[in-house]
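Only one structure is covered here, and it is reproduced in the block below.
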Amino acid sequence: MNETDRFKQAEFAAWLGIGVNILLTVLKGIAGVMAHSKALIADAVHSASDIAGSLAVFIGLRAAKRPPDEDHPYGHGKAESIAAIIVAVVLFLAGIQIGKSSIESFFAPLETPKSIAVYVVIFSIIVKEALFQYKFRLGKKLKSDALIVNAYEHRSDVYSSLAALVGILASIIGRKSNIAWLEYGDPFAGVVVSILVLIMAWSLGAKSIHNALDHVLHKEDTVVFREIVSSVPEVRAIGELLAREHGYYVIIDLKISVDPYITVEEGHKIGKKVKEKLIAHPDVHDVFVHINPADIQKPDD
């Protein structure tokens with residue numbers, strides 16, 4: 001898949017997420033107010049944060065597809081990881097706001113949610129799970145940190161909606177059965193939602209930061225690259241191979257040993273051949289090859 005097709009698919013997914021989140025935010029917000037459901041209103045705030053997250057992903061994708069320039073010779077691939085970090089921060093702030101609002105509800109007069117809240121939450125769960133499956137699979141296919149994090153943002157919305165559903169049902173059952181403690185199920189669900197959102201934000205943020213800090217692939221993940229280099233017969237040994245993740249692509253720093261008695265031009269041709277073979281791999285964006293003379297054991301006189 002070429003880069004143009006990759007970004008078209010990724011940007012479509014980002015726009016789809018923005019559209020769906022706007023619809024759900026409005027629907028949950030209106031239904032939450034009408035149904036007097038703190039859990040559903042908290043869930044609406046969560047969906048609103050998803051809008052900001054999807055916008056950050058879209059901006060990150062637009063930046064990442066820009067070609068290398070004088071200031072960014074390695075390209076702009078890390079823009080996706082930065083977008084993923086922004087999404088995680090937005091999600092974390094939303095979690096704090098949801099928790100604060102829900103805790104305050106324990107000290108205010110309780111109102112039992114109306115049944116419309118149940119139907120809206122069920123609809124949200126179905127839509128968000130479908131969106132998660134679509135974006136997660138696409139993110140894996142395109143190797144996009146931003147899309148994968150955004151997908152888990154939708155999954156966190158599923159969890160929060162499930163918690164809201166349980167809380168709303170508990171409150172309704174508590175009121176009809178005259179079980180006082182069950183009536184607190186709605187605000188309690190809001191607190192659970194906030195905790196789930198905070199955990200998800202922390203986990204996704206930590207992973208995105210790790211990827212943004214010039215993460216080098218582990219040795220077992222570079223086997224295929226070493227095999228490519230070793231397939232060049234003039235290469236005597238591989239001194240070092242560092243494959244750095246740069247967003248959705250990899251940049252390789254390589255040291256190889258060749259016959260010490262060949263000319264500089266011949267050594268250059270070997271390095272060029274190795275580079276061309278590595279760049280043919282779909283994950284590799286650029287390669288820097290350092291040529292070293294191989295150690296040759298001289299025969300005894």
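The values are calculated or read from the model by the stated rules, or taken from the named source; none is laboratory data. Here the structure is a predicted model, which means the values were calculated and not measured. Ideal geometry is used to build each Cβ from the backbone, glycine not excepted, and the neighbour counts take in all protein chains shown.
Descriptive notes on the structure:
- Of all residues in the range 154-181, those that are modelled with pLDDT under 85 have Cβ atoms under 6 Å from Cβ atoms of residues that are not in a helix (DSSP H, G or I), 6 or more apart or on another chain, in ILE168/SER37; ILE168/PRO113; SER171/THR112; SER171/PRO113; ARG175/THR112.
- Members of the range 168-191 found to be crowded, with 19+ Cβ neighbours inside 10 Å and out of contact with any Phe, Trp or Tyr (no Cβ under 9 Å at 6 or more places or on another chain), listed by number: ILE168, LEU169, ILE172, LEU182, GLU183, GLY185, ASP186, ALA189, GLY190
- Condition check for LEU165: farther than 23 Å from SER49 by Cβ, out of contact with any His (no Cβ under 6 Å at 6 or more places or on another chain) and crowded, with 19+ Cβ neighbours inside 10 Å: no
- GLU183 vs. criteria among the acidic types (Asp, Glu) and either assigned to a helix (DSSP H, G or I) or within 24 Å of SER49 (Cα to Cα) (or both): yes
- Meets criteria (in a strand (DSSP E or B) and more than 15 Å from HIS285 (Cα to Cα)) for ILE256: yes
- For the range 21-46, the tally of residues that are in contact (Cβ under 8 Å) with a residue 24 or more places away in the chain, crowded, with 21+ Cβ neighbours inside 10 Å, in a helix (DSSP H, G or I) and not acidic (Asp, Glu) stands at 13.
- When the range 112-131 is filtered for residues that are of a type in the set (Gly, Ala, Ser), surrounded by fewer than 15 Cβ atoms within 10 Å (Cβ to Cβ) and under 21 Å from ARG155 (Cβ atoms), only ALA130 remains.
Let's see how each residue does on (1) of a type outside the set (Asp, Glu); (2) surrounded by fewer than 11 Cβ atoms within 10 Å (Cβ to Cβ); (3) at pLDDT below 90:
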| site | (1), (2), (3) |
| --- | --- |
| GLU265 | no, yes, no |
| ILE270 | yes, no, no |
| ILE279 | yes, no, yes |
| HIS290 | yes, no, no |
| ASP301 | no, yes, yes |
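- Selection over the range 90-135 of residues that are free of Cβ contacts under 8 Å to residues at least 60 places away in the same chain, of a type in the set (Gly, Ala, Ser) and part of a helix (DSSP H, G or I) gives a count of 1.
- PRO73 being modelled with pLDDT under 65 and either in contact with a Cys (Cβ under 9 Å, 6 or more places away or on another chain) or not in a helix (DSSP H, G or I) (or both): yes
- Test: residue in the range 231-253 that is exposed (fewer than 13 other Cβ atoms within 10 Å of the Cβ), touching a Lys or Arg at 6+ places or on another chain (Cβ under 8 Å), at pLDDT 90 or above and not in a strand (DSSP E or B): yes
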